[in-house]
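The structure appears right after this line, and notes come after that.
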Amino acid sequence: MVTENREFYLLSLTKNSVQLFLANRFQEQAVEVPNLPGSMDEALQIDSPQNGLQHHSAASGDARGIMHGHGSGRDRQPNQLDHYAEVLNRHLTPFLNQRQLPLVVVAHGELLAHFESHCKYAHNHQGVDLAPEASSSAELRQRAWEVVGRDVADRRSAAIEDAIRKISHNQATVDKEEALVAAKEGRAEAALVAGDRHVWSGQMLNGIHGEPHFQRVDLLNEIARHTLMHGGQVFSVPSQQLPQNEPLVVTLRY
């Protein structure tokens with residue numbers, strides 16, 4: 001749950017609804033963005049109150065006048081989508097930059113394409129072409145996680161390659177006791193542990209009131225726990241992907 005998880009922003013976008021969620025692999029929560037328009041109609045009123053229309057007096061003297069635009073409704077549609085995307089990005093980007101988490105946009109067809117063409121947010125990921133109104137927020141999160149989860153898998157693959165390289169340079173260890181000491185001292189940069197194996201060991205631990213007691217612990221779990229506590233990274237890896245048939249590799253800061 002800790003190592004295979006990552007926070008990200010999910011933007012559910014239709015012409016009639018704009019919803020931003022802060023999400024991870026397991027849950028999502030709606031986030032309020034100040035002054036963010038809630039629909040395309042609201043966005044079109046920003047910076048363009050007349051929505052591209054011009055007013056002329058009627059030749060007959062009709063006081064109501066005539067309202068007209070340029071071209072057909074179909075011609076105006078791309079311009080409306082562009083304006084919608086521009087306004088959304090103008091309000092979203094400063095808010096998203098506060099945390100710089102990955103962003104996954106779920107929208108359908110042209111709307112997704114227009115938003116992404118105007119998006120200036122550096123951490124915008126590949127969008128999901130889907131009509132959000134047909135799915136629950138949990139279903140949208142699951143689809144967005146498919147995108148973010150690929151990043152997690154790529155980071156794990158890169159960590160495996162880095163660990164194998166560092167073993168040959170004496171910058172990593174497969175020795176479990178050495179790895180545990182390094183993790184406790186804060187020297188573990190990354191711990192790659194076999195998610196399908198355990199290494200049990202008996203240790204004397206101090207209880208709540210200070211009395212020592214003997215307990216069996218999983219060394220892999222202890223190494224992972226201390227690595228995380230000192231700001232290192234932990235990756236759960238199938239044992240067949242680890243070198244030398246060992247249940248772990250720990251790369252060292254020093």
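The values are calculated or read from the model by the stated rules, or taken from the named source; none is laboratory data. Everything quoted here is computed from the prediction, not taken from an experiment. With ideal geometry, Cβ positions are generated from the backbone for all residues, glycine too; neighbour counts draw on all protein chains shown. Accessible surface areas use protein heavy atoms only, side chains included; no ligands, DNA or RNA. Shrake-Rupley method; radii C 1.70, N 1.55, O 1.52, S 1.80 Å.
Taking the criterion of being among the acidic types (Asp, Glu) and farther than 14 Å from Lys15 by Cα, the only residue of the stretch 101-117 that qualifies is Glu116.
Residues are listed down the side, and each one gets a yes or a no for (1) in a strand (DSSP E or B); (2) out of contact with any Cys (no Cβ under 7 Å at 6 or more places or on another chain); (3) farther than 30 Å from Leu192 by Cα; (4) at pLDDT 95 or above:
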residue: Thr3; (1), (2), (3), (4): no, yes, no, no
residue: Leu20; (1), (2), (3), (4): yes, yes, yes, yes
residue: Pro49; (1), (2), (3), (4): no, yes, yes, no
residue: Ala58; (1), (2), (3), (4): no, yes, yes, no
residue: Asn79; (1), (2), (3), (4): no, yes, yes, no
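Taken over the stretch 177-200, the criterion of being more than 18 Å from Pro238 (Cβ to Cβ) and either open to solvent by 30 Å² or more (accessible area, probe 1.4 Å) or under 30 Å from the mean Cα position of the chain (by Cα) (or both) is satisfied by Glu177, Glu178, Val181, Ala183, Lys184, Glu185, Gly186, Arg187, Ala188, Glu189, Trp200. Just name the residue that is farthest from Gly127 (Cα to Cα) out of those in the stretch 6-16 that are open to solvent by 40 Å² or more (accessible area, probe 1.4 Å) and not basic (Lys, Arg). The residue in question is Asn16. Residues that are open to solvent by less than 40 Å² (accessible area, probe 1.4 Å), over 25 Å from Asn16 (Cβ atoms) and at pLDDT 95 or above: does the stretch 105-124 have at least one? No, the stretch 105-124 contains no residue that is open to solvent by less than 40 Å² (accessible area, probe 1.4 Å), over 25 Å from Asn16 (Cβ atoms) and at pLDDT 95 or above.
Within the stretch 94-113, the only residue that satisfies the criterion of being among the hydrophobic types (A, V, I, L, M, F, W, C) and free of Cβ contacts under 8 Å to residues at least 12 places away in the same chain is Ala113. When you check Asp129 against the structure, is it at pLDDT below 95 and of a type in the set (D, E, K, R), yes or no? Criteria not met by Asp129.
Annotation note: of Ala144, Ala138, the sole residue that is over 12 Å from Tyr9 (Cβ atoms), open to solvent by less than 60 Å² (accessible area, probe 1.4 Å) and assigned to a helix (DSSP H, G or I) is Ala138. Can you tell which of Gln215, Gln244 is free of Cβ contacts under 8 Å to residues at least 40 places away in the same chain and open to solvent by 30 Å² or more (accessible area, probe 1.4 Å)? Matching residue, one of Gln215, Gln244: Gln215.
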